[in-house]
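Enquirer: Pasting a structure here, questions to come.
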Number of protein chains: 2
Amino acid sequence: MTSDEARALDRHDTLAPFRDRFVVDQPGLIYLNGNSLGRLPKATAERMREVVEQEWGCDLIRGWNRSWYEAAVRIGEKVAQLVGAAPGQVILSDSTSVNLFKLVLAALELRPDRNRIVSDTLNFPSDLYVLQSCVRLLGGRHHIHLVPSEDDISISLEALHDEIDEQTALVTLSHVAFKTGFCHDAAAITERAHEVGALVLWDLSHSVGVVPTELDRWGADMAVGCTYKYLCGGPGAPAFLYVRRELQERVLSPVWGWFGQQAPFEFDLTYQPAEGIRRFLVGTSPILSLLALEPALDLVLEAGVQAIRAKSVRLTSMLVDLMDEVLVPLGFALGSPRDPDRRGSHVSILHPEAYRINRALIEEMNVLADFREPNLLRFGLAPVYTSFTDVWQAVDCIRQVVETGHYRSYSPQRQPVT
Amino acid sequence: MTSDEARALDRHDTLAPFRDRFVVDQPGLIYLNGNSLGRLPKATAERMREVVEQEWGCDLIRGWNRSWYEAAVRIGEKVAQLVGAAPGQVILSDSTSVNLFKLVLAALELRPDRNRIVSDTLNFPSDLYVLQSCVRLLGGRHHIHLVPSEDDISISLEALHDEIDEQTALVTLSHVAFKTGFCHDAAAITERAHEVGALVLWDLSHSVGVVPTELDRWGADMAVGCTYKYLCGGPGAPAFLYVRRELQERVLSPVWGWFGQQAPFEFDLTYQPAEGIRRFLVGTSPILSLLALEPALDLVLEAGVQAIRAKSVRLTSMLVDLMDEVLVPLGFALGSPRDPDRRGSHVSILHPEAYRINRALIEEMNVLADFREPNLLRFGLAPVYTSFTDVWQAVDCIRQVVETGHYRSYSPQRQPVT
C-alpha cells in the first residue's frame, strides 16, 4: 500500500469529518494513543470554559441544582447507550478500580457459598490488585484463578470454560485486553458462567465506544469501564459502572456515602440505600472532570458505534497488513490477534528493541504510541479522529528509525513513567 | 454597627486585596456559602484553559510525564502545609467518603482486639454512613458509639472522654461540625484517645484552610478532608488524606489499585504496596478536577492560615453580634457556639421559617446561604473573599425579608436539592 492509497481511503471515509471536531492542529504529530488518552474535542474545550467560568465562577452553589447534581446519572444514560444497556443501569462514579472494588464485593456477597473467582493473565493488573484486596478483606477464603495465555496474545475460550465451575462465584475479565487487544467472546463467557450459577463482571475500559458491547443482550451482571480512552473524557475522567436491573435491589454497595443515600439532604444519621443504581454512588463527584466527558459522549453517539467499529476493523487490519509487508522483514512480530473479530481497536507489535524504537519515534518522528514492557509497541486507533494516513505514516516512521538504526542512539535505560 | 462601620473594617483589612483575586463580579450577589463551594480564583480560570487546551489538547499523553503523574503527591504537599503535616504524609485521592472508608478499615486492622468506634451526632452523615458500611463489611463485630449533643450545637469534651475507653479502636470526628460550626478540641481528644491506645482520624473538611489544624503536633493518626469548601478547589474537587509517617509502613489500604502499586508501569500481576503514603492511592485521579485545586492552594498559602483565622474570628463574631442586635428581636436564635475558640468559620442561625426565609433571600435579595433541615440558615464566611460589608448586608437583607413578611409568599414545600 502506498501513501496515496491511504489518502484515498481517507477521502472515502464517512467518519473523516469527525476529525475536525477535535483539536488536531499540532503540526506533524501522529497520535496513536487513543486507547490511553483520547484527544480533546473542540466542544469540550468550549464547554469547560463555560463550566469553570460561568457555572462555577458565577452560578456558584446554584450549579448543583442546575446541572451538577444529576450529572452522574444523566451522563450514565449516555454511556448506557454505548454499552447496550437499557436506562437506569449505568452511573458515572469514582475510578474504574474503586468501582470494580465495589462491584466485586457486592457480587461475592450474592454468592456466599462459593469461593472461586476466575480471571485471566491478560487482565489489567489494577483489576487483579483490586481482586487481591477484596480477597484479603474477606479473610482469604476466596481463590483467584487466572487462566494463562498460551500464546501471550489471547485466552482460549475452552480453557476459560474449564475454569468456570460450580464453585465459581464470579468471572471478571477485561473485554479487550490492555496489552494485546485480544477481545473475549463476552456473550459465550457470560452464558457459560450463568450455566453454573456464577456472576459475570466485565471491564469495558478498552472496548467502550469502539467495540460494540451489549451488556443487556449478553445478560451481563455487572460492568465497569474507563472514559478517558476511546470516550475522550479527559485525563482521569470518572469511570462508569453497570449493575443489571434485576440485581440492583438485591445488592448493597460495600462503601456507603451520602450520594448513595436515599435522601442525602435530609442528613439522617443512618444509611438507607438509594433506589436502583444510585446506591453505588459514594461521595461528591469531581464535577469538572465529570462534565468534561459529556461533549465527547455526544460526539461518539452521533458517529455511532457500528460505524466506528467498521472503521476500526479497517484501520487495525491495515496496520496488521502493513506490519506484515514492511515491519516483519525488520524483525517485528504481531502481538495482537489476526482475527478482527477477536481484536479491539489497538494493535501491538513486538520487537526486542521496542523501548528504544519508541523513544526515537517520539523524539525524531513526532509519533506518539505506547511502549509496554518488555518488547511491545501499542497503537490505539480511534476511528473518530485517526486517519488511514496516520497509520500509513506511523509504519513508515517505524521503518525509518529501524532501517537507519537511529534508535540505537537512545539509552535502553527506562524513563520513570511512560 | 452601621454599614459605614462595616466598610471601615474592610478598608483596614489586610486580606481585602485577596478578594480581587477571585471572580466576584456578579452584580449584587452576596455569597456566603464558602463552606459549601468556594469561589473561583481568577488564576484557576486561566490555569484550566491551559490544562484543557494545552496540556490535554496538545501535550496529550505527554502530560502524564510533565505534571499529571506527580500531581496527587505534589498538591498533597501543599495541603500538608495547611494542616500542619511534615512532608510525605498527605496525598490527594478519591472523595472524602472513599478516603475515610480506606482509613477506617486500615485503622481497625491496627487494633484487631478492639471493637468500639467513637464518633458524635454532629458528624457529617456521610462519615457515619462510611462507618456503618465498614462495620457491616467486617461482619458486624464493631459498635459505633455516637456521643450526643446536649444543646444541639456542641459536644461536651467530658462526655466524649468518657466514651473513649480501652475497648476503643478508633475515634473519628469532624474537626468542625458541618451544621453548627462547633470546633472540637482536637489536641485534647487525640491525647485522650492515645492514653487508652485508641487511634484518631480527623475529618478536616470544614476546617482546612480556615481553622489552624496541626495534625503532627496533635499526634493525629489519620485525617481526611474536602478541598472544595474553603480551599476553593472547585465542585467535587478530589479529597486529601493524611497518615502519620510512623504508621504508613504498618498499614495497607483496603483498596488496591495501580496508582498505589510499587511500580505501576511494570504491570506485575501481584500487588506490592508503594512506599509510604502513595499506597493509599487507588486508580487514576481526575486530573482536570485535581489540577483546578492548585492555584487556590497557592493563594491560601500566600494569605496564610493564621491571618485567615484572625479575620474569620472577626467575621463570625461580627455576625453573632449583629444577630443578637438585629435578628434575635425577629425570632432568630444562634445555632453555633458563642466562644470563637470553639467555632469554625461558619455561623448558623435558627428560625422556624428558615426554609422560606432562605428562598426569599435567594430570589429577592441575591443572598446565597445554605438552608439545612429543619430550621437552620448557615453562613460560611471565607476570609479570602468575604468582606465585612457582605456580612452586614446579609443581616440587613434577612431583616428586610422577615420584617416585611415577604418570605411568606414562598411555599414551605422543599425543592428537591439545595
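Read-outs throughout are calculated quantities, based only on the coordinates presented, and are distinct from any laboratory measurement. Source: prediction; values computed, not measured. When we count neighbours, we look across all protein chains shown, and the Cβ atoms used for this are built from the backbone with ideal geometry, even at glycine.
Enquirer: On full extension of the chain, what length is gained from residue B:54 through residue B:217, given 0.36 nm per residue of separation minus the C-alpha to C-alpha distance? Working shown, then result.
Expert: Details: separation 163, 0.36 × 163 = 58.68 nm, distance 4.12 nm.
Value of the extension gain: 54.6 nm.
Enquirer: Do any chymotrypsin sites (Phe, Trp or Tyr not before Pro) in region A:194-291 lie in a DSSP loop with no more than 12 other beta carbon atoms within 10 Å, and if so, which? Let's see the in-between values first.
Expert: Numbers: sites: A:202, A:218, A:228, A:230, A:240, A:242, A:256, A:258, A:259, A:265, A:267, A:271, A:280; in loops: A:228, A:230, A:256, A:267, A:271.
Passing both the DSSP loop test and the Cβ count: no residue.
Enquirer: Just name one of A:352, A:27, B:178: the one whose Cα is farthest towards the positive end of the charge dipole of the protein assembly as shown (beta-carbon charges, Lys/Arg +1, Asp/Glu -1).
Expert: Going by the charge dipole, the pick is A:27.
Enquirer: Further question on the same structure: Rounded to whole Hz and in sequence order, give me ³J(HN,Hα) for region B:166-172 from the Karplus expression 6.51 cos²θ - 1.76 cosθ + 1.60, θ = phi - 60°, writing x for Gly and Pro.
Expert: The phi angles translate into 5, 8, 7, 7, 8, 10, 9 Hz.
Enquirer: Once you put a point 7 Å from the Cα of residue B:29 and another 7 Å from the Cα of residue B:333, both along the Cβ direction, what distance in nm separates them?
Expert: 3.4 nm
Enquirer: Based on C-alpha coordinates, I'd like the Rg and Dmax of region B:336-383, in Å.
Expert: 11.5, 35
Enquirer: Could I ask something else about it? Using a 7 Å offset from Cα along the direction of the beta-carbon, what are the separations from residue A:338 to the same position in each other copy, nm, ascending?
Expert: Reported distances to equivalent positions: 8.7 nm.
Enquirer: Would you calculate, for chain B, the mean residue ellipticity at 222 nm contributed by helices, counting each DSSP H stretch of 4 or more residues as -39,500 (n - 2.57) and dividing by all residues, to the nearest 500?
Expert: Numbers: 13 runs with 145 residues, N = 418.
Here the helix-only value at 222 nm equals -10500 deg cm²/dmol.
Enquirer: Under a plain spin-label model, where a point goes 7 Å from the Cα along Cα-to-Cβ, how far apart in nm are residue A:43 and residue B:11?
Expert: Simple spin-label model gives 5.3 nm for this pair.
Enquirer: Placing a label point 7 Å from Cα toward Cβ, how far apart in nm is residue A:158 from its equivalents in the other copies, listed shortest first to one decimal?
Expert: Reported distances to equivalent positions: 7.9 nm.
Enquirer: For region B:163-269, which GluC sites (Glu not before Pro) pass both filters: DSSP loop (anything but H, G, I, E, B) and at most 14 other C-beta atoms within 10 Å? Don't jump to the answer; show the numbers that get you there.
Expert: Values: sites: B:163, B:166, B:191, B:195, B:214, B:246, B:249, B:266; in loops: B:166, B:214, B:249.
Here the GluC sites (Glu not before Pro) that fit, given the DSSP loop and packing criteria, are B:166, B:214, B:249.
Enquirer: Sticking with this structure for a sec: Once the label point is set 7 Å along the Cα-to-beta-carbon vector, what list of distances in nm do you get between residue A:46 and its counterparts in the other copies?
Expert: Inter-copy label distances (nm, one decimal, shortest first): 2.6.
Enquirer: Binned at 10 Å from 0, what are the whole-percent values of the Cα-Cα distance distribution for region B:66-166, short to long?
Expert: Once binned at 10 Å, the Cα pair distances of region B:66-166 give 13, 33, 34, 17, 3, 0.
Enquirer: Still on this model: Can you give the average number of partner chain beta-carbon atoms within 10 Å of each beta-carbon in peptide B:55-68, as a whole number? Mind dumping the intermediate values first?
Expert: On the way: counts 2, 13, 12, 7, 3, 13, 12, 5, 2, 6, 4, 1, 0, 4.
The per-residue average across the peptide is 6.
Enquirer: OK, next. Between rounded, prolate and oblate, where does region B:1-158 land on the alpha carbon gyration tensor, with a ≥ b ≥ c its root eigenvalues, rounded for a/c under 1.5, else prolate if a/b exceeds b/c?
Expert: Numbers: a/c = 2.59, a/b = 1.26, b/c = 2.05.
Cα axes put region B:1-158 in the oblate bin.
Enquirer: Give the dimensionless ratio obtained when the Cα radius of gyration of region B:46-302 is divided by 2.2 N^0.38 Å.
Expert: Working: Rg = 18.3 Å, N = 257, 2.2 N^0.38 = 18.1 Å.
So the Cα radius of gyration is 1.01 times the expected 2.2 N^0.38 Å.
Enquirer: May I ask for the distance between the Cα centers of region B:78-152 and region A:327-400, given as a whole number of Å?
Expert: Centre-to-centre (Cα) distance: 47 Å.
Enquirer: Still on this structure: Looking at region A:78-162, which GluC sites (Glu not before Pro) are in a loop (DSSP not H, G, I, E or B) and have at most 14 other Cβ atoms within 10 Å? Provide the component values of the computation, followed by the final result.
Expert: Details: sites: A:109, A:150, A:158; in loops: A:150.
Listed in order of number, the matching sites are A:150.
Enquirer: For a test of the definition: using alpha carbon positions, the gyration tensor, and the 1.5 limit on a/c, classify the protein assembly as shown as rounded, prolate or oblate. Mind showing how you got there, number by number?
Expert: On the way: a/c = 1.99, a/b = 1.59, b/c = 1.25.
Prolate shape, in that a/c is at least 1.5 and a/b is the bigger ratio.
Enquirer: Within 14 Å, Cβ to Cβ, of residue A:223, how many net charges do the neighbouring residues add up to if Lys/Arg are +1 and Asp/Glu are -1? Display every interim value, and only then the final one.
Expert: Details: positive: A:102, A:217, A:244, A:245; negative: A:127, A:203, A:214, A:216, A:221.
Every neighbour counted, the sum reads -1.
Enquirer: Can you tell me how region B:133-213 classifies by the Cα gyration tensor, rounded, prolate or oblate, using a/c under 1.5 as the rounded cut?
Expert: prolate
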